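Please treat every number below as a calculation from the coordinates, not as lab data. Quick caveat: nothing in here was measured; it's all calculated off a predicted structure. With ideal geometry, Cβ positions are generated from the backbone for all residues, glycine too; neighbour counts draw on all protein chains shown.
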Amino acid sequence: MDKQLLLLISLQELDILRKDRIKEEEVGFEMDNIKKMEEARASIVSQLKDHIYRKYTRLTKRYGSAVVPVVNNICQGCYLLLPTQMISPEQQNKSVITCPNCGRILYWID
Ligand SMILES: [Zn+2]
C-alpha cells in the first residue's frame, strides 16, 4: 500500500481514538495518554505531504471521516458506485485517490 495512504489511515484511527479519550477526560476519567497520542500524531503529520494533510483536514471538518474504504466498488462515504474503468485493480491503494463524487480519500480492502 502507498505510504501516504497508510499514514492517512493511521492518522484517522488516531484522531478517532483521541476524540474518545478527550471525551472521557471531560467526564472525569483519569487519562494520561493524550500527550503520547499528540506525539504520535505529530510524527505522522510530519511524514505526510502538505497538500495531502490539508486535504485530510478539510475532509475531516466537512464529513467527520476523510478516509473511507471501498467495498464492491462502492465508496463507503457516499455510496457511489465507482466506475471500474476509473481505477483498475493495479492502481488501487497505489496512490491517494479521491472519490469523484464526495471527494473523500479512498482505500481498498481485500
Ligand atoms: Zn464518495
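Here are the numbers for the structure shown:
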{"item": "Loop-exposed GluC sites (Glu not before Pro) per DSSP, neighbour cap 15 Cβ within 10 angstrom, longest uninterrupted part of the chain", "result": "31-89"}
{"item": "The chain: calculated mean residue ellipticity at 222 nm from DSSP helix runs of at least 4, using -39500 (n - 2.57)", "result": "-16000 deg cm²/dmol"}
{"item": "Filtered chymotrypsin sites (Phe, Trp or Tyr not before Pro), the stretch 2-110: DSSP coil and at most 12 other beta carbons within 10 Å", "result": "F29, Y79"}
{"item": "At q = 0.09, 0.12, 0.22, 0.24 Å⁻¹, base-10 log of I(q)/I(0) for the chain (Debye sum, equal scatterers on each alpha carbon)", "result": "-0.27, -0.46, -1.18, -1.32"}
{"item": "Student exercise, the stretch 3-108 dipole from Lys, Arg, Asp, Glu Cβ charges, in Debye to nearest 20", "result": "500"}
{"item": "Ranking of T84, T57 by count of other Cβ atoms within 10 Å, fewest first", "result": "T84, T57"}
